[in-house]
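The structure appears below as structure tokens.
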Amino acid sequence: STSTSTSTSSNESSLFCNIGSETTSITDDEIKAALHSFLNSDIIGERDDVLLLPPDFTRFHSQAGKITRFICEYYNFIPREEEDDEIGDNNKKGDNGVNNGEDDTTSTSTDPKAKKAKVEKGMSSSTITSSSSSSSSTSQYKPDITILPALGTHFPMTETQIKTMFGNQLSAKQQQQQQQQGTKVENKDKDDATNKDKGPFLVHDWRNDVVTIGHAPAQMVSDATNGKVNEPWPAQLNKLVWEKRKEKVLTGTGTDTDTKKKKKALILSIGQVVPHEVMGMANFNKNLFVGVGGVEAINLSHFIGAVHGMEKMMGRASNPLRSILNYASEEFLQKELDLFYILTVMGTNERTGNVEMRGFYIGNDIQCYNLACELSLKVNFTMLERPPKKIVVHLDEDEFHSTWLGNKAIYRTRMAIDDGGELIILAPGVKQFGEDGEIDTLIRSHGYIGTPAILEAMEKHPDLQKNLSAVAHLIHGSSEGRFSITYCPGHLTKEEVEGVGFQYDDLDAMEKKYGTKKLKDGWNNISVANGGGDSETEEVYFISNPALGLWAVPSRFDDSSHETRDNTTGAKSNQTTISTNREQSASSNSGDVGGW
């Protein structure tokens with residue numbers, strides 16, 4: 001079932017769109033119709049200035065790129081995209097709905113366009129054609145549009161990524177404006193970052209372009225960490241975003257002071273809600289305070305979540321860290337900015353393996369986020385009846401190059417695996433630990449040794465105090481001794497892997513035994529050779545992409561079960577307050593921190 005609700009009052013909680021269910025597959029026409037109804041409503045009305053905050057390429061599957069393009073088309077900022085030409089033959093299906101192309105959903109590719117086809121090939125070619133020609137209404141207004149991807153601490157998007165995620169027309173607009181201003185970036189191999197100052201796409205500089213707009217009370221931070229951290233949390237935003245709180249006279253309105261209309265810029269935050277290891281559930285105000293936030297706020301947020309305990313956070317829309325961000329939203333964002341959230345929930349079609357949109361929500365406060373979280377837990381959360389003794393996780397070779405990113409395999413399965421069980425991580429693309437040299441060195445020096453040991457090391461080592469995100473990562477990446485973790489990397493040695501506290505096994509051997517061609521997602525019974533030359537049956541739970549979900553058993557997800565584990569996954573309330581360093585290190589490429 002689907003439902004839609006609208007409101008025209010800007011002074012009350014407003015839910016403008018509420019579409020979705022566990023089985024819904026939302027079409028482009030439905031997305032456009034909902035967007036057009038919202039943007040054409042009285043509460044939006046005439047606009048001269050629109051700021052869009054989509055995620056970067058690491059959140060490609062959110063379909064935020066497509067939504068951004070639809071908004072730009074509605075405001076006549078770009079011509080309408082010809083989707084058939086853009087997507088290609090991978091979308092063509094036979095009468096049975098099965099893809100007839102050469103690729104399938106388990107293949108990997110270094111070409112981002114191939115990954116785009118995976119997302120969009122779930123729609124039949126007739127649906128794509130109709131969506132190109134229908135929903136043709138556009139706005140009578142033509143505002144200036146700026147797109148600021150919520151990078152967090154990620155690298156800027158490349159021209160190739162912009163074209164793949166946001167379409168040909170926005171990519172062409174970016175290049176055209178850069179050429180006109182004489183600052184085009186030469187991207188012969190299309191792997192260089194786009195220019196940060198020119199074109200509709202701007203680059204969030206989390207070191208220099210950030211302003212602190214206020215603080216959440218130290219007591220909230222202390223409560224979230226059971227007294228381990230006792231300092232206020234800084235709410236930080238990109239300066240451009242914060243400047244949008246100022247009203248400006250609309251062009252084309254009256255000629256005298258009495259008839260001129262004033263409005264603030266319209267800010268649209270776009271992204272996917274999915275279970276998350278640090279925030280409990282991703283997106284909403286995290287897209288502002290982390291995606292376009294600053295290093296001090298990002299690192300302290302990451303650390304608060306780790307000290308509170310990952311198993312108390314994951315899959316929970318309401319948690320102490322989210323409360324801190326919600327406080328900052330209510331005190332600063334909602335009072336000062338004309339800000340609306342456009343949120344998606346994505347799910348996998350069990351028959352085809354394609355990613356489809358299950359939910360679509362638009363609102364200006366926490367209501368739309370809560371609704372998206374409710375659906376996401378039904379779509380993206382797998383509750384197992386019993387804990388697996390062995391879980392095998394495959395990491396895509398093109399997406400996971402480090403344990404910093406690849407440890408999602410640990411985060412997303414730790415509430416499912418049995419005590420004394422084994423987690424095997426098949427990681428053909430992993431070649432390092434951190435996403436930059438500084439973090440990589442810290443991981444190699446300290447290792448994934450468990451919460452108590454890392455917090456003790458932090459007291460002794462200033463380099464850890466200055467890198468709270470690294471401390472959080474080391475806490476998250478430990479099993480706390482409850483189960484074993486065997487990494488099978490494509491480009492790290494046995495000595496390197498064991499040096500950080502993981503077990504090691506040969507990738508080729510384990511691929512033959514547990515590879516993606518042999519196992520299906522979920523429970524598997526396979527025949528394995530034993531030491532005597534005979535074979536025996538082994539039960540394995542297989543996960544082909546840990547980023548798409550969260551797995552648990554009831555006993556570990558139940559809130560009451562976490563109270564007895566505070567000495568491992570959370571901080572003891574009677575421990576001494578941790579000394580943190582306000583001068584947080586901003587590494588040049590901090591991987592998933594900030595993007596989360």
Taking Lys and Arg as +1 and Asp and Glu as -1, residues besides ALA265 with C-beta under 10 Å from its C-beta add up to +1
Kirkwood radius from Cα pairs of the stretch 217-344 plugged into Stokes-Einstein at 37 °C, 0.692 mPa s, gives D in µm²/s equal to 205
Surpassing 22 Å at the alpha-carbon level, of the pairs LYS390/LYS517; LYS335/LYS466; LYS32/LYS142; LYS66/LYS163, are LYS335/LYS466
Here FRET efficiency (C-beta to C-beta, ASN40 to ASN530, R₀ 60 Å, nearest 0.05) is 0.35
Whole-percent carbon and sulfur contribution to the accessible surface of the stretch 319-407 (1.4 Å, no ligands, DNA or RNA) stands at 43
If R0 = 25 Å, then THR251 and GLU336, at their Cβ-Cβ distance, give a FRET efficiency to the nearest 0.05 of 0.60
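Please give the length that would be gained between LYS142 and GLN503 if that part of the chain were fully extended, namely 0.36 nm times their separation in residues minus their C-alpha to C-alpha distance (nm, one decimal). Present the calculation step by step, with values, prior to reporting the outcome.
Values: separation 361, 0.36 × 361 = 129.96 nm, distance 5.79 nm.
Length gained, LYS142 through GLN503: 124.2 nm.
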Between the modelled labels at ASP418 and LYS264 (7 Å from Cα along Cα→Cβ) the distance in nm is 5.5
Long-range amide H partners of VAL392, meaning residues 5 or more apart or on another chain whose placed amide H is closer than 5 Å, are ILE424, TYR541, PHE542, ILE543
Relative contact order as a percentage, the stretch 490-555, C-alpha pairs under 8 Å and 6+ apart, gives 22
Residue span ARG207 to GLU538: 0.36 nm per residue of separation minus Cα-Cα distance leaves a gain in nm of 114.1 nm
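The values are calculated or read from the model by the stated rules, or taken from the named source; none is laboratory data. All figures in this text were calculated on a predicted structure; none of them were measured in a lab. Note that we place each Cβ from the backbone using ideal geometry, even for glycine, and neighbour counts take in every protein chain shown. To get the accessible areas, we keep the full protein, side chains included, count just its heavy atoms, and leave off ligands, DNA and RNA. Shrake-Rupley method; radii C 1.70, N 1.55, O 1.52, S 1.80 Å.
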